[in-house]
Amino acid sequence: MATARKSFETLLLDRSWVSPQDLEKARQRRKPGQELTDVLVDMGALEPQRLARALAQEYQLPFLAQIDEHMVQAELVAKVPINYAKKNRLLPLGSNGDEITVAIADPANYEALDDLHVLFRKIIQPVVVPAEAIQEAINRAYDQATATSAQDLMIDLDEARLDLVASELASEPRDLLEADDAAPIIKLVNGLLSQAVKDRASDIHIEVFEQELVVRFRVDGMLYDVLSPPKRFHAAITSRIKVMSGLNIAEKRLPQDGRIRVKIAGRDIDIRVSVIPTAFGERIVLRLLDRAQALVDVNLDRLGFSGDNLRKIDRLIRQSHGIILATGPTGSGKTTTLYACLSRINSPEKNIITIEDPIEYQLHGIGQMQVNPKIDLTFASGLRSILRQDPDVIMVGEIRDSETAEIAIQAALTGHLVFSTLHTNDSFGALTRLVDMGIEPFLVSSSVMAVLAQRLVRVLCPDCREPFMPSASELNRIGLRPSDCEGPIYRAKGCRACRNTGYRGRSAVHELMIVDDDVRDLVMKKADAASIRRACTAKGMKVLRQDGAERVLAGHTTIEELLRVTQEDIV
């Protein structure tokens with residue numbers, strides 16, 4: 001190790017890792033107790049891997065980009081409290097004779113290294129690892145060491161203790177991995193939430209039937225059975241979730257909606273809770289939103305746009321007025337795309353206001369209003385109020401009726417840029433849908449600039465995807481010919497990393513229709529969606545399946561997955 005350490009800020013400047021301007025901004029934004037490097041990384045001024053490599057070089061230590069599970073010895077992890085490991089960003093990896101290898105983000109944290117020397121009574125050999133990688137490894141290691149799967153927690157359930165479901169943990173700021181509560185139902189619910197986050201589930205479904213209770217996770221858009229607790233535990237599980245989300249435990253006849261905010265494996269998770277009465281009891285759906293991941297997802301460059309579509313959408317969202325519509329079924333990522341558009345153009349010079357139902361992501365610098373029908377705060381009434389706030393850009397969560405559509409169009413025609421969503425199967429049907437709502441065709445044609453349709457396809461697991469040679473008929477189904485395949489086509493196989501599904505994560509395929517003069521003429525003539533489609537495709541516009549076919553050729557998804565999410569092209 002280096003014998004003397006320069007000031008960390010001096011080191012950043014001397015090595016040109018950051019500019020003096022960025023360093024000054026970081027100092028101003030830094031909150032008490034917050035690491036300067038965290039602020040710089042959040043700003044995008046410092047790349048974590050580059051920082052770790054540079055620190056390893058500076059202190060003449062080994063560098064590791066990632067920590068694999070097999071590198072971590074559970075018996076060593078068990079001796080270091082999780083809070084201490086997170087605070088100091090370190091993790092013991094393995095023992096070799098008189099030496100212990102320790103992953104650490106800051107090699108100058110001599111105090112923590114000395115503590116480990118005293119604890120293990122061995123020589124500590126530091127290895128520099130990016131802070132994010134250490135955080136992930138800590139969560140994995142302590143999850144495996146201390147947290148039990150929901151299936152295993154079923155063993156602890158005891159009917160005699162179901163009365164322990166109460167409000168002891170009605171507000172839980174701590175990490176659920178660190179919870180050590182005695183009540184079995186509390187353990188089970190915490191275990192379900194932890195397992196759902198670990199499995200990358202977007203939703204948890206708790207469904208009650210005549211003879212059974214079923215828990216299912218939605219992962220990458222597909223539902224999987226996870227657990228079948230005895231039906232007698234249904235009331236206790238429901239009560240526990242209602243307590244956590246602030247709902248009325250006694251009310252079992254009416255639908256209820258609530259919200260839970262918890263920390264799981266070091267990540268802040270927002271959970272939307274929906275409870276509805278059914279014939280055999282209350283059914284619960286929990287929608288999980290990882291707030292940190294959401295900020296990563298709300299980035300136009302990460303949403304899977306092809307180069308041509310990305311250039312077009314980037315130009316469109318910088319216009320001063322007009323309407324941009326996103327269409328597709330529920331759960332196709334429309335709102336995320338619109339959030340990404342707002343984030344791209346967000347600046348202190350623009351007044352951006354949204355009205356949503358519900359507000360899914362909190363966007364810094366943007367005013368967001370929640371629809372509330374109980375007090376007659378609808379999309380239409382909220383939109384009228386927004387127009388009095390002198391907005392430059394408006395986002396309407398969904399155009400559901402002619403009143404909202406009319407106000408949105410008037411806003412676009414009076415110098416506002418309006419984003420909204422519409423439930424249609426493709427981009428071409430959006431214009432005819434507005435006309436069907438009773439909007440005059442000349443208003444639709446003069447206000448709508450573009451319509452973006454999208455679907456989410458599952459992405460092939462990079463660890464287990466396998467190449468194969470599809471038949472000509474398989475390629476033809478997605479509009480390809482054998483001559484189009486310059487490289488291998490991949491298919492799903494399945495491994496431990498992807499829960500044997502063959503897929504890990506999702507990406508969007510898009511269909512961007514620009515409303516040009518030809519399309520406006522067709523709208524004025526009240527032409528149907530098929531006519532608009534023929535006019536657009538004749539000029540080279542890519543439809544959903546064509547955009548998806550490019551993803552298949554690139555090895556990102558499979559023919560079967562593309563066929564699953566896109567309907568047959570009707571020309």
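Quick notes on this one:
- Residue match in segment 30-41 (condition: more than 29 Å from the chain's Cα centre (by Cα), open to solvent by less than 90 Å² (accessible area, probe 1.4 Å), at pLDDT 75 or above and of a type in the set (A, V, I, L, M, F, W, C)): no
- Residue under evaluation Ala453, criteria (1) in contact with a Phe, Trp or Tyr (Cβ under 9 Å, 6 or more places away or on another chain); (2) open to solvent by less than 40 Å² (accessible area, probe 1.4 Å); (3) over 18 Å from Ala508 (Cβ atoms), criterion not met: (3)
- Subset of segment 169-221 (residues that are at pLDDT 90 or above and among the β-branched types (Val, Ile, Thr)): Ile204, Ile206, Val208, Val214, Val215, Val219
- Among the residues of segment 304-336, those that are buried (at least 24 other Cβ atoms within 10 Å of the Cβ) and either polar (S, T, N, Q) or part of a loop (DSSP other than H, G, I, E, B) (or both) comprise Phe305, Thr327, Gly328.
- Matching entry among Glu356, Glu349 (being open to solvent by less than 50 Å² (accessible area, probe 1.4 Å) and among the charged types (D, E, K, R)): Glu356
- Output for segment 405-433, where each listed residue is assigned to a helix (DSSP H, G or I) and touching a Pro at 6+ places or on another chain (Cβ under 9 Å): Ala411, Leu431
- Qualifying residue in segment 274-284 (condition: in contact with a strand residue (DSSP E or B) (Cβ under 9 Å, 6 or more places away or on another chain), charged (D, E, K, R), over 30 Å from Val448 (Cβ atoms) and modelled with pLDDT of 85 or more): yes
- Taking first residues from segment 370-382 that are surrounded by 16 or more Cβ atoms within 10 Å (Cβ to Cβ) and partners that are among the hydroxyl-bearing types (Ser, Thr, Tyr), the Cβ contacts under 7 Å between residues at least 6 apart in sequence or on separate chains come to Val371/Thr378; Phe379/Thr404; Ala380/Thr404.
- First in segment 240-264 and under 17 Å from Thr278 (Cα atoms), second anywhere and open to solvent by 60 Å² or more (accessible area, probe 1.4 Å), Cβ under 8 Å, 6 or more apart: Lys242/Asn248; Lys242/Ile249; Pro255/Ile276; Gln256/Asn248; Asp257/Arg272
- Any hit, segment 113-128, residues being at positive phi and either open to solvent by less than 70 Å² (accessible area, probe 1.4 Å) or part of a strand (DSSP E or B) (or both): no
- For segment 47-57, the candidate set comprises residues that are touching a Leu at 6+ places or on another chain (Cβ under 9 Å) and open to solvent by 10 Å² or more (accessible area, probe 1.4 Å); within that set, the residue that is farthest from Gln28 (Cα to Cα) is Ala54.
Yes or no, residue by residue, for (1) in contact with a Pro (Cβ under 9 Å, 6 or more places away or on another chain); (2) open to solvent by 40 Å² or more (accessible area, probe 1.4 Å):
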residue	(1), (2)
Val219	no, no
Met222	no, yes
Leu227	no, no
Lys231	no, yes
Ile237	yes, no
Met244	no, no
Asn248	no, yes
Lys252	yes, yes
Pro255	yes, yes
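- Filtered by the rule that a residue be touching a helix residue (DSSP H, G or I) at 6+ places or on another chain (Cβ under 6 Å) and surrounded by fewer than 22 Cβ atoms within 10 Å (Cβ to Cβ), segment 193-211 gives a lone residue, Val208.
The values are calculated or read from the model by the stated rules, or taken from the named source; none is laboratory data. This structure is a prediction, so every number in the text was calculated from the model and none was measured. Virtual Cβ from ideal backbone geometry, glycine too; neighbours counted across all protein chains shown. For accessibility, only protein heavy atoms count, side chains too; no ligands or nucleic acids. Shrake-Rupley method; radii C 1.70, N 1.55, O 1.52, S 1.80 Å.
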